[in-house]
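Peer 1: Structure incoming, see below.
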Amino acid sequence: MANTKGNFYDVQRNMAERQEAVAFRLMDCACEQWLNAEIRAILNSPDTTSLKSKKGDYAIGEEGRRDISVYSRGSLSHHMEVKVIYPQYSQKSVADRLRTLNEQLAKMLVDADMTNLRRVGMVFGVWTSMNSGGGKPEAFFRDFRQALQDHFEDSPFKNPHGFRSVGMVDTEIEWAGEPVRVVMKGTFFAASHSVASV
């Protein structure tokens, strides 16, 4: 079976190695769509460690209305949902996005014959000095962690990081003639299909 934790760390390592290029893409308001495609590209790359590039190991998008589906040896291993949170979202908007993620993970349709199918949620916080409203990244990621804990602490979807986010990007780029700091951190939640729905 494909390694869900390894999937996350493949993404983290790849993003950290290409910080400047990633930072430019994170400036786009549609970066969640880009991120879904990028995660699939990373997982399908021969450099990935979580999918062994064996026959039948691959990731595809938008299958069964899921952001990403991962196959191992030709069989569905797990579904992933991806969410991006920005500082300019209101507390209600952040709560709504995390509630939606929790519900999407809980409601995933699962074939009863796939006893090892897992459901995975990847959540990324993206802070830029351009959209921060004057706030600091430390405050944003502290609030981000609290929001994750509020929405997933009693959830069957477990987080191996104690709700802390793992750093991926922290760089400065020139955007529209101005220096802009871009910070991205992320984490993931996972549960097997046998966990009761929330």
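What follows is calculated from the coordinates using simple rules that are stated; it is not laboratory data. If you're wondering where the values come from, they're calculated on a predicted model, not measured in any experiment. Note: ideal-geometry Cβ built from the backbone for every residue, glycine included; neighbour counts use all protein chains shown.
Peer 1: Enumerate the lysines that LYS55 could reach by cross-link, defined here as Cα to Cα under 28 Å, with residues fewer than 8 away along the same chain left out.
Peer 2: Within the straight-line cut-off, LYS55 pairs with LYS5.
Peer 1: Counting only residues 5 or more places away or on other chains, whose amide H sits under 5 Å from the amide H of SER155 once H atoms are built in the peptide plane?
Peer 2: none
Peer 1: Would you look at the GNM of the chain, springs on alpha carbons closer than 10 Å, and say which of MET27, MET80, MET15 moves the most?
Peer 2: Largest GNM mean-square fluctuation: MET27.
Peer 1: Can you tell me the length gained on complete extension of the stretch ASP47 to TRP34, counting 0.36 nm per residue apart and subtracting the Cα distance?
Peer 2: Here the answer is 2.7 nm.
Peer 1: Picking from VAL123, LEU105, VAL183, whose Cα lies most toward the positive end of the charge dipole for the chain (charges on Cβ: Lys, Arg +1; Asp, Glu -1)?
Peer 2: LEU105
Peer 1: Along the three principal axes, how long is region 131-175 when you take its alpha carbons, biggest first, rounded to the nearest angstrom?
Peer 2: On the principal axes, region 131-175 reaches 42, 20, 14 Å in Cα extent.
Peer 1: What value, in deg cm²/dmol to 500, does the helix sum -39500 (n - 2.57) over DSSP H runs of n ≥ 4 give at 222 nm once divided by the residues of the chain? Could you put the intermediate results ahead of the total?
Peer 2: Working: 5 runs with 69 residues, N = 198.
Computed ellipticity for the chain at 222 nm equals -11000 deg cm²/dmol.
Peer 1: Summing Lys, Arg as +1 and Asp, Glu as -1, what charge do residues with Cβ under 13 Å from the Cβ of PRO179 carry, PRO179 excluded?
Peer 2: Details: positive: ARG181; negative: GLU20, GLU172, GLU174, GLU178.
In short, -3.
Peer 1: On to the next question. Taking the Cα centre of each part, how many Å lie between region 5-21 and region 122-198?
Peer 2: Value for the Cα centre distance between the two parts: 14 Å.
Peer 1: So for the chain, averaging the separation of alpha carbon pairs under 8 Å that are six or more residues apart and normalising by length, what relative contact order in percent results?
Peer 2: On the way: 346 pairs, mean separation 45.7, N = 198.
So the answer I get is 23 percent.
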